[in-house]
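Read the structure below first, then the notes.
Since every read-out is calculated from the coordinates, none of them should be taken as a lab result. The shown structure was predicted, so the numbers you read here are calculated from the model rather than taken from an experiment. Glycine also receives a Cβ, built like all others from the backbone with ideal geometry; neighbour counts cover every protein chain displayed.
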Amino acid sequence: MKDQGQILMNKDENTTPEPADQPIVAAAAPAVDDAQPQVELAKVQATKTEVEPEPAEAAPRTAQEIAIAEIKEIGTVVGVAILLVLFLRTLFFQPFTIPSASMEPNLYQGDYIIVSKWDYGYSKHSIQFSPPLFNGRIFGRDPKRGDVVVFKLPVDNKTDYIKRVVGLPGDTVQLKNDQLFINGQLVNTTTLGSIPGTAPGSGFRDETLTLQREELPDGRAHLMQDYVQDGPVDNTDIYTVPEGHYFMMGDNRDNSQDSRYPMSVGGVDFVPAENLEGRAVLVLMSWKEGSSLWKPWTWLNFHWDRFFKSLH
């Protein structure tokens with residue numbers, strides 16, 4: 001029994017006491033073979049390469065398919081070009097050709113002019129074919145006396161006319177002995193001389209014309225020409241321009257159907273503001289009489305001195 005007790009005692013003496021708080025030691029991660037994932041990835045890629053077939057080559061297009069594709073491409077280009085032209089003609093500039101002598105000596109038959117569309121804003125007549133999208137005008141200022149204006153003829157709202165603004169809304173306009181009065185005041189006119197020309201009427205006889213300089217009440221001046229005294233509208237009643245309308249006259253005073261004539265006899269009468277299309281700003285080029293699109297030999301038959309002539 002003593003021995004047993006001694007053995008037990010020796011055991012206790014030789015045993016090392018454990019500390020109260022032992023730090024937690026992470027277990028060592030099992031060893032990983034770095035080469036194994038690379039081997040597996042190579043196997044997957046090899047399998048994928050074997051499974052996925054190569055894309056088949058596209059069959060060559062037939063001549064019909066090529067032609068259809070080209071037609072579609074041309075149609076797209078033409079369509080975009082048409083839309084672009086309509087956009088520019090509606091919002092910015094539009095070309096017109098002068099068809100008559102009613103605005104001589106400032107505009108001649110055959111002149112190709114540029115009209116600014118934004119000066120007076122926009123109405124339904126600013127758009128091709130005058131669709132009834134809205135009434136009145138938007139975004140713009142009122143015309144001034146002396147402006148050369150393109151407008152739709154009120155009698156049909158289709159035909160384009162070009163004249164000079166002489167009377168504003170509320171103005172009175174009258175001619176006495178071939179002299180123009182605006183709001184009861186005589187418009188200053190200076191005779192510059194005589195020029196040869198052709199008088200209107202049966203046979204269009206040759207006659208000497210009187211070239212004059214006319215200065216409107218706002219101080220703007222322009223040239224005009226006159227044929228004969230005591231013409232059909234050299235003495236008129238007083239015209240009172242209604243609100244929202246304008247009184248137009250041609251610079252070729254004895255050869256112009258304008259606001260002096262009622263619509264019932266082929267005249268213009270008062271022009272509604274809605275009918276204004278724009279202000280003429282430039283003569284881009286000018287063809288001589290007898291030139292025609294259907295006569296290629298006349299295409300270069302120009303009035304070269306009228307190119308890029310400002311109408312301000």
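At a glance:
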| read-out | value |
| --- | --- |
| Least to most buried among 108, 122 (fewest other Cβ within 10 Å first) | 108, 122 |
| Residue exposure sequence - 277, 104 - by fewest surrounding Cβ within 10 Å | 104, 277 |
| Virtual spin-label span in nm between residue 78 and residue 172, 7 Å along Cα→Cβ | 5.9 nm |
| Among 129-136, 248-255, the order from most to least packed when residues are scored by Cβ within 10 Å on average | 248-255, 129-136 |
| Least to most buried among 211, 175 (fewest other Cβ within 10 Å first) | 211, 175 |
| Residue among 154, 166, 261 farthest towards the positive dipole end of region 96-310, charges placed on Cβ | 154 |
| At R0 = 25 Å, FRET efficiency that the Cβ-Cβ distance of residue 261 and residue 192 yields, to 0.05 | 0.40 |
| Estimated dipole of region 96-310 in Debye, rounded to 20 [Cβ of Lys and Arg +1, of Asp and Glu -1, Cα centre] | 700 debye |
| Net charge of Cβ neighbours under 14 Å - reference residue 311; Lys, Arg +1; Asp, Glu -1 | +2 |
| Region 96-310: C-alpha gyration tensor shape, a/c 1.5 cut-off, then a/b vs b/c | oblate |
| Out-of-range pairs (alpha-carbon distance over 25 Å; input 117/295; 72/295; 124/163) | 117/295; 72/295 |
| Relative packing of 295-302, 113-120, 92-99, which averages over residues the other C-beta atoms within 10 Å, highest first | 113-120, 92-99, 295-302 |
| Peptides 278-288, 151-161, 60-70 ordered by average Cβ neighbours within 10 Å, highest first | 278-288, 151-161, 60-70 |
| At R0 = 25 Å, FRET efficiency that the Cβ-Cβ distance of residue 213 and residue 183 yields, to 0.05 | 0.75 |
